[in-house]
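Trainee: I'd like to ask some things about the structure below.
The values are calculated or read from the model by the stated rules, or taken from the named source; none is laboratory data. Just so it is clear, the model here is predicted, and its values are computed rather than measured. As a convention, Cβ positions derive from the backbone with ideal geometry for all residues, glycine included, and neighbour counts pool all protein chains shown.
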Amino acid sequence: MSARKRPQKNASVMKMVGAQVACLRQAAGLTQRDLAERVLVAETTVASIEQGRRALMPDLARSVDQLLGTGGVLAAAVANMPEVDLFPLWAEQYIQHEREAISLSWYDCVVMPGLLQTEDCVRAVLRNRVPAYDEDEIAAKTAARMDRQEILHRKVPPTLSFVVWEPVLRLGFCDEPTREGQLRHMLECAQLPGLSLQILPLDAPAHAGLNGAFTLLETPHHQHLAYTESQRGSHWVSDADGVSILARKYAMLRSQAVSPEASRGLLSRLLGER
């Protein structure tokens, strides 16, 4: 999937549409779980839409209209929502799946995984973008990335595994306080329940991830998907063969990386060098 641009919806209008969904659902005598089951989405998706934290997508709006017999009210509301801040369509789709995932495995070799970045690190990454973002774009995208980290602290968080190549820990485009804060944050994240963080050291004799970063995730309906990024764009992988190849690469990367305990030790040694 190419990195086509899609406008993101205005947050205040998202809240208004979400409130409409809640009112219509309640008028029909349905719980969030009832609605989710009937339109084949996760209950958390309905909750996020009603709270205005997630945009109601056109196809889901049509499904809810049909179910509740609302004559296309929600579809019309979605079609006429004002649009702000441009974001790639692939990012919108990925973030939706990321919010709902029951497991997520992430390999990165260029920058820190977005779910583990501190706010200062996010800004440093975004300021290195070419063509450059303006400061308003950097502020909006930083806030959006930090919001994604909510899944780390969900009441029932997903099972999370990260493999990070050691050069990522030594990036020079972050100033010293930012690098130190990032390393400390990684140590804290490594203590979270259900989260495994492993470092692939520079001197590892084998490396299964030389073709670049990728993410594997499992949806609440046990669909297995993968996502990759490159200079030419970003791509979803949903065919079984493609996902299987990346899953095998990830399994090999975990075996080539040092253990979670040794990884925490490496992070502590790097902090001690500063």
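Trainee: Could you list, ordered by first residue, the pairs with Cβ atoms under 6 Å in which the first is in the range 125-150 and in the same structural domain as Gln182 (by TED's automatic domain parsing) and part of a helix (DSSP H, G or I) and the second is surrounded by 12 or more Cβ atoms within 10 Å (Cβ to Cβ) and basic (Lys, Arg), at least 6 apart or interchain?
Mentor: So the pair list comes out as Leu126/Lys141; Thr142/Arg123.
Trainee: With respect to Phe162, is the statement that it is in a strand (DSSP E or B) and either assigned by TED's automatic domain parsing to the domain that holds Met112 or in contact with a His (Cβ under 8 Å, 6 or more places away or on another chain) (or both) true?
Mentor: Values: in a strand (DSSP E or B): yes; either assigned by TED's automatic domain parsing to the domain that holds Met112 or in contact with a His (Cβ under 8 Å, 6 or more places away or on another chain) (or both): yes.
Taking the combined requirement at face value, the residue satisfies it.
Trainee: Going by the conditions given, is Gln191 of a type in the set (S, T, N, Q), in contact with a helix residue (DSSP H, G or I) (Cβ under 9 Å, 6 or more places away or on another chain) and farther than 22 Å from Met252 by Cα?
Mentor: Answer is yes for this residue.
Trainee: Does the range 95-141 hold any residues that are of a type in the set (Phe, Trp, Tyr) and farther than 20 Å from Cys189 by Cβ, and which are they? Even if it seems obvious, please write down each step before you answer.
Mentor: Taking the range 95-141 as the starting set, the residues that turn out to be of a type in the set (Phe, Trp, Tyr) are 106-107, 133.
Tyr133, the sole residue that qualifies.
Trainee: Restricting the first residue to the range 198-226 and requiring it to be on the phi > 0 side of the Ramachandran plot, which pairs with a second residue that is among the hydroxyl-bearing types (Ser, Thr, Tyr) meet a Cβ separation below 7 Å and a spacing of at least six or different chains?
Mentor: Gly212/Thr228; Gly212/Ser230
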